[in-house]
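Trainee: I have a structure here, written as structure tokens, and I will follow up with some questions on it.
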Amino acid sequence: MAPHEIRRPFKRPAISDQQKRRELSLQRQAQNRTEAQQQARRLASSILSFPNQNSEPQPFESIDLVPEPIVEEPETETDAGDISEIDIRQAARLKGFEARRWFASQLMLPEWMIDVPDRLSEDWYVFARPAGKRCFIVSSNGTTVSRLRNGSLLHRFPSALPNGARTKEGSRSAQSYCILDCIFHELDQTYYVIDMVCWAGISFYECTAEFRFFWMNSKLVESGACEAPSTYHRYRFSLIPVYNCDHEGLQIAYTGAVPYVKDGLLFYNKHAHYQTGNTPLVLVWKDETCSQYVIDTDNKGQVPNQQQVVLELQDNGQLVTSDDPPVVLGCLNATFIQETGLHSGNLVRFAVNDGGLTFVDGKLEKADLHYVGKVHRARAFADSYSKIVFQYMARHSPLRIEHLFASIGTVSEHESNEVEMVG
Amino acid sequence: MCEEVSPDVVEQDQVNKILTAVVQGMNPSEGSNDVRLAATRALYNALSFAQANFSNDMERDYIMKVVCEATLSPEVKIRQAAFECLVSISSSYYDKLAPYMQDIFNITAKAVREDEEPVALQAIEFWSSICDEEIDIIDEYGGDFTGDSDIPCFYFIKQALPALVPMLLETLLKQEEDQDQDEGAWNLAMAGGTCLGLVARTVGDDIVPLVMPFIEENITKPDWRQREGATYAFGSILEGPSPNKLTPLVNVALNFMLTALTNDPNSHVKDTTAWTLGRIFEFLHGSTIDTPIITQANCQQIITVLLQSMKDAPNVAEKACGALYFLAQGYEDIGQTSPLTPYFQEIVQSLLSVTHREDAGESRLRTAAYETLNEVVRCCTDETAPMVLQLVPVIMMELHKNLEAHNLSSDERQKQNELQGLLCGCLQVIIQKLGSSDQTKYGFMQYADQIMNLFLRVFACRSATVHEEAMLAIGALAYATGPDFAKYMPEFYKYLEMGLQNFEEYQVCAVTVGVVGDICRALEEKVLPWCDGIMTQLLKDLSSNQLHRSVKPPIFSCFGDIALAIGDNFEKYLMYAMPMLQSAAELSAHTSNADDELVEYTNLLRNGILEAYSGIFQGFKNSPKTQLLIPYAPHIVQFLDLIYLEKDMDDVVMKTAIGVLGDLADTLGSNAGSLIQQSLSSKDFLNECLSSDDHLIQESAEWTKLAISRAISI
């Protein structure tokens, strides 16, 4: 045996940086593995345990009765930490406000386009958004359920989606289920599928839009869900033609004929995964040509004289948007809060006064706001920054279709416009 | 001799004979010094077999007496060998030492003060070794005495403290002139200071009042030895005592240290001062410390002094880099705004300048500068992330220049390899940092192609350490790029395969296995074309006796990654992977009589096996080929039951294990209903997990409960 080595590390850190790098890599890999596995598990349990028939029917509240002119109010992340952390099985126990909030946080929500993204023609798809109610379609255990963004039930029906009806050949395993992101179009009683989150139990969360759209296209037709309604298939599903956002694609989406009423254009970044909540990788844009609802209406369907914004009141009196991190648009003083009986967390409606919004270097600097009142409690979220700015621009200097075309440049001669998807 | 005697007895019999002979040979009555020396060295070798003899009071007393007498031999080599025996005894028979400690203290103190250096160094090492033992035991107590530990703590250090500390402080003044420039130096002052640091870790607050007077008396003396010794003493006691005890002292000392680092005429003093600052930041600065020692008032001065010192002699500059490393580390979880933000650019520039110093090869300076740069990057915030992005082309250019150098001598080539390792390491840290948030990732992706190209060129140079660093960096890149990584696979694959074949450097192999996981998650089903080759290598690795065992658990986990990525395409690998998992599971089911290290390894192995099962079940979910897994289910459930009964799972295994049961239920559904219902895991084990304090275990268990209830209800 060699004599004991008595030289000890001298004036040196005990761990080498290389070892640290290795360990941090391993930590990251273990974390990623856990997440991948949890995601796979979570999907399965979400649908099966969310309360439906047993819970008291969720009344459609005023905000939902408006023909949902505006696409979506994004989820708020500001204090949703506790909400987003909870497991699906716990979500089953949520009621009312919390349930709405939780359910809403499962959808991918577009931001409003307030400037044109780079590489529009290379990296983006465009399609005409159908007017109607945004909802989640879930097929499992031989039935199909549609739920609005606020968690309330829209329809329960049999469908040709995998495991969507109790049919003879319904011998699929219980784990086979689908989640589709749809818009229900009242006029032709059709669900227009705008995205696919899960098909036959396979998760598409971590897939790019390009991949999801490709699968959506082939699988939906295969399943027979696009066929006319029948006993075991109450509502028709329909695909939407999606185009590369080059000159021609944008032109077709913007002016081309579709079997549904258009409500603006949706832009999807091809590389974006299905990311729940607010994302700048999906954008909505509209003008009078392609939408009846460019400027927000009030509960009676009237366009108010002044732009209305809904903001959330914080502990310190600040009024913030639903973004993460929130954008501060103003502040209420303590006396006013006391007099009006407002509390932290309340959603408060304001009108934008003549002073309007002031921008410095493209960033909102101040807003001239006038207090209107508290918002109906059915409303779960404040407005997002992009919505407020888009609405403001719509009233003052809108982002026009010409701007979009201009950013794409001229029609590329070598690339014919390929229709990626056909409904 | 009786033929029926068991080997154990024979062995002990032989040990007894050897010890008897050895101890006789060591006796002072033995005339020949050569014989005494040989006998003392022989004892050293025999000590580890002498368990039984050390348990016998009389025999132990005798051995100890002989060893202690040998430390007083007139022959220096015998004294040194005798102290080596004492050091060995201190770690092997710590719990038997109590009766001898007073005598041993006297012997060691005399040796430290009067004897020749090789002997004195062993005498100090005896105390360092006692510290090691007590630190371990106290660690195991977890702070309070529960009596759980096999060996009780005798608090020898605490008892010896009043005499031990002055003895160690004396050694601090016996520095050698140029010890800081000599990589191999080890002398009395270094050993004494190291031991003092261990004593501080052993006793905590109690050491502070014993050391402070020495520091106060010496730190301003004209003789550099006194200033350096005082500073070294201060730096040594910064780990162990509570922040409450140390913070007031540090607040007083900090300014003095900064001045000394700038103005002290002696380089040795500056070296130790910079090191001490590093220790201050390491132990007393960070989010866990209540009273910050770095404030708005002194932050700028600290950074200015450190950056200035980075231009000093290489050994001083290296310590200054180290101090900056810990300064940055303390702001690791600072959130949005870091006090370092205003200095970020300057810090990065200064570190890059250090890497370009002509003499950066000395005192490990270049390495220290890159390591500090890495830490600065890791701790950057949203505010400074854009500056990290600007660093990408700079480091890429360095790597490019490095790769352009040709016709090098072997010495130059080694330096080139080292630098490649540092640059790849730095890029890895940057990629991991920028890739971790969507905002920063987008900006980074413009460089992905070029970076990958550089990594491929590094691989083409072939050197094991570089290989590993580039491999680590590629894992981070795959994670950041996601499915787009597919385009790099045709060129990269051969290096991936080479990494998986590297049995000798198992770290390289282990890192490559991790990268396979990253690639699976990035490419998902697009990894399929490469899977035949990857699986072949992984299966070969598992069957190899050459491969270090630590790589095997991650290989199993990697099976799970592959299965999760390619789904039921994993079908063709089942016939190879499943039997391997099964036999590994059998091996790891029981740990009876295993030592801690083996239990730890067994748990790693179990975790790997279980992650593989989880990935495979999840991969086959909803597949028409699910029935292929049914034959394996009974064994898997049995394995879960067995490890549950064994009661030595750690939390990680528990979480994975209960999750496997859920995945099995989820994928096999009613096919496994009765199997699950009959299992212990679905009852006792599941209930135990459901009521666990660990929320990850609980979460897995909740999922499993749901999956089982569905499987059974169908």
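Trainee: Of the residues in region B:348-366, how many are among the small types (Gly, Ala, Ser), buried (at least 20 other Cβ atoms within 10 Å of the Cβ) and out of contact with any Asp or Glu (no Cβ under 9 Å at 6 or more places or on another chain)?
Mentor: 2
Trainee: Within region B:310-320, how many residues are away from chain A (no Cβ under 11 Å) and more than 9 Å from residue B:277 (Cα to Cα)?
Mentor: Total meeting the criteria: 7.
Trainee: Which pairs have Cβ atoms under 9 Å, sit 6 or more apart or on different chains, and link a residue in region B:191-202 that is free of Cβ contacts under 8 Å to residues at least 12 places away in the same chain to one that is surrounded by fewer than 24 Cβ atoms within 10 Å (Cβ to Cβ)?
Mentor: Matching pairs, first to second residue: none at all.
Trainee: Quick check on residue A:299: is it surrounded by fewer than 21 Cβ atoms within 10 Å (Cβ to Cβ) and not in a helix (DSSP H, G or I)?
Mentor: Taking the combined requirement at face value, the residue satisfies it.
Trainee: I would also like to ask the following. If you take the residues of region B:299-331 that are polar (S, T, N, Q) and buried (at least 16 other Cβ atoms within 10 Å of the Cβ), which of them is farthest from residue B:251 (Cα to Cα)?
Mentor: B:315
Trainee: How many residues does region A:276-295 hold that are in a loop (DSSP other than H, G, I, E, B) and either open to solvent by 30 Å² or more (accessible area, probe 1.4 Å) or small (Gly, Ala, Ser) (or both)?
Mentor: 6
Trainee: Kindly list the number of the only condition in (1) free of Cβ contacts under 8 Å to residues at least 60 places away in the same chain; (2) closer than 25 Å to residue B:52 by Cβ that fails for residue B:162.
Mentor: Result: residue B:162 passes all but (2).
Trainee: It is to be established whether one or more residues within region A:268-275 are open to solvent by 30 Å² or more (accessible area, probe 1.4 Å) and over 14 Å from the mean Cα position of the chain (by Cα).
Mentor: Looking through region A:268-275, at least one residue is open to solvent by 30 Å² or more (accessible area, probe 1.4 Å) and over 14 Å from the mean Cα position of the chain (by Cα).
Trainee: Looking at region B:268-280, can you tell me whether even one residue there is away from every other protein chain (no Cβ under 14 Å) and either polar (S, T, N, Q) or closer than 24 Å to residue B:117 by Cα (or both)?
Mentor: No: zero hits.
Trainee: So, one more: Among the listed residues B:294, B:334, B:280, identify the single one that is open to solvent by 30 Å² or more (accessible area, probe 1.4 Å) and either of a type outside the set (Gly, Ala, Ser) or within 27 Å of the chain's Cα centre (by Cα) (or both).
Mentor: After applying the criteria, what remains is B:334.
Trainee: Something else: Would you check if residue B:253 is within 30 Å of residue B:333 (Cα to Cα), of a type outside the set (Asp, Glu), within 14 Å of chain A (Cβ to nearest Cβ) and crowded, with 19+ Cβ neighbours inside 10 Å?
Mentor: No.
Trainee: Check every one of the helices (runs of 4 or more DSSP H) wholly within region B:638-714 and list those with 1 or more residues that are within 13 Å of chain A (Cβ to nearest Cβ) and modelled with pLDDT of 95 or more.
Mentor: Of the helices (runs of 4 or more DSSP H) lying wholly inside region B:638-714, those with at least 1 residues that are within 13 Å of chain A (Cβ to nearest Cβ) and modelled with pLDDT of 95 or more span B:651-668.
Trainee: Could you tell me whether residue B:70 is touching a residue at least 40 places away in the same chain (Cβ under 8 Å) and under 30 Å from residue B:237 (Cβ atoms)?
Mentor: no
Trainee: Within region B:568-585, which residues are of a type outside the set (A, V, I, L, M) and open to solvent by 10 Å² or more (accessible area, probe 1.4 Å)?
Mentor: Once the filter is applied, which keeps residues that are of a type outside the set (A, V, I, L, M) and open to solvent by 10 Å² or more (accessible area, probe 1.4 Å), region B:568-585 yields B:568, B:569, B:571, B:572, B:573, B:576, B:579, B:582, B:583.
Trainee: Also, quick follow-up: Let me confirm something: among B:115, B:13, B:8, which residue is buried (at least 16 other Cβ atoms within 10 Å of the Cβ) and either at pLDDT below 90 or closer than 23 Å to residue B:186 by Cβ (or both)?
Mentor: Going through B:115, B:13, B:8 in turn, just one is buried (at least 16 other Cβ atoms within 10 Å of the Cβ) and either at pLDDT below 90 or closer than 23 Å to residue B:186 by Cβ (or both): B:115.
Trainee: Another one. Which is within 14 Å of another protein chain (Cβ to nearest Cβ) and either outside any helix (DSSP H, G or I) or on the phi > 0 side of the Ramachandran plot (or both), of B:204, B:184?
Mentor: B:184
Trainee: In addition: Pairs needed: first member in region A:324-339, closer than 18 Å to residue A:362 by Cα; second member anywhere, modelled with pLDDT of 85 or more and open to solvent by 50 Å² or more (accessible area, probe 1.4 Å); C-beta distance under 7 Å; at least 6 residues apart or different chains.
Mentor: Listed pairs, sorted by first residue: A:328/A:318.
Trainee: Test residue A:131 against the criterion of being at pLDDT 85 or above and open to solvent by 10 Å² or more (accessible area, probe 1.4 Å), and give yes or no.
Mentor: Taking the combined requirement at face value, the residue satisfies it.
Trainee: Can you name the number of the only condition in (1) modelled with pLDDT under 95; (2) open to solvent by less than 10 Å² (accessible area, probe 1.4 Å) that residue B:452 fails?
Mentor: Against the list (1) modelled with pLDDT under 95; (2) open to solvent by less than 10 Å² (accessible area, probe 1.4 Å), residue B:452 comes up short only on (1).
Trainee: What about residue B:616, is it over 23 Å from residue B:586 (Cβ atoms), open to solvent by less than 10 Å² (accessible area, probe 1.4 Å) and either assigned to a helix (DSSP H, G or I) or more than 11 Å from chain A (Cβ to nearest Cβ) (or both)?
Mentor: No; evaluated as a whole, the condition is false for this residue.
Trainee: Looking at (1) over 24 Å from residue B:499 (Cα atoms); (2) open to solvent by 30 Å² or more (accessible area, probe 1.4 Å); (3) not aliphatic (A, V, I, L, M), which is the one condition that is false for residue B:415?
Mentor: Result: residue B:415 fails condition (1) only.
Trainee: Restrict the check to region B:118-130 and report whether at least one residue is more than 14 Å from chain A (Cβ to nearest Cβ), among the aromatic types (Phe, Trp, Tyr) and under 30 Å from the mean Cα position of the chain (by Cα).
Mentor: No, region B:118-130 has no match at all.
Trainee: Surrounded by 14 or more Cβ atoms within 10 Å (Cβ to Cβ), out of contact with any strand residue (DSSP E or B) (no Cβ under 8 Å at 6 or more places or on another chain) and within 14 Å of chain A (Cβ to nearest Cβ): is that true of residue B:588 in this structure?
Mentor: Spelling it out, it is not the case that residue B:588 is surrounded by 14 or more Cβ atoms within 10 Å (Cβ to Cβ), out of contact with any strand residue (DSSP E or B) (no Cβ under 8 Å at 6 or more places or on another chain) and within 14 Å of chain A (Cβ to nearest Cβ).
Trainee: Sticking with this one: Going by the conditions given, is residue B:514 more than 14 Å from chain A (Cβ to nearest Cβ), on the phi < 0 side of the Ramachandran plot and open to solvent by 10 Å² or more (accessible area, probe 1.4 Å)?
Mentor: no
Trainee: Next question, about the same structure. Within region B:467-504, track down each residue that is within 14 Å of chain A (Cβ to nearest Cβ), of a type in the set (D, E, K, R) and surrounded by fewer than 24 Cβ atoms within 10 Å (Cβ to Cβ).
Mentor: B:484, B:487
Trainee: Separate question: Just a yes or no: is a residue in region B:50-60 free of Cβ contacts under 8 Å to residues at least 40 places away in the same chain, of a type in the set (A, V, I, L, M, F, W, C) and surrounded by fewer than 20 Cβ atoms within 10 Å (Cβ to Cβ)?
Mentor: Within region B:50-60, one or more residues are free of Cβ contacts under 8 Å to residues at least 40 places away in the same chain, of a type in the set (A, V, I, L, M, F, W, C) and surrounded by fewer than 20 Cβ atoms within 10 Å (Cβ to Cβ).
The values are calculated or read from the model by the stated rules, or taken from the named source; none is laboratory data. If you're wondering where the values come from, they're calculated on a predicted model, not measured in any experiment. Because the Cβ atoms are built from the backbone with ideal geometry, glycine has one as well, and the counts that use them run over all protein chains shown. Keep in mind that these areas ignore ligands, DNA and RNA; they rest on the heavy atoms of the full protein, side chains included. Shrake-Rupley method; radii C 1.70, N 1.55, O 1.52, S 1.80 Å.
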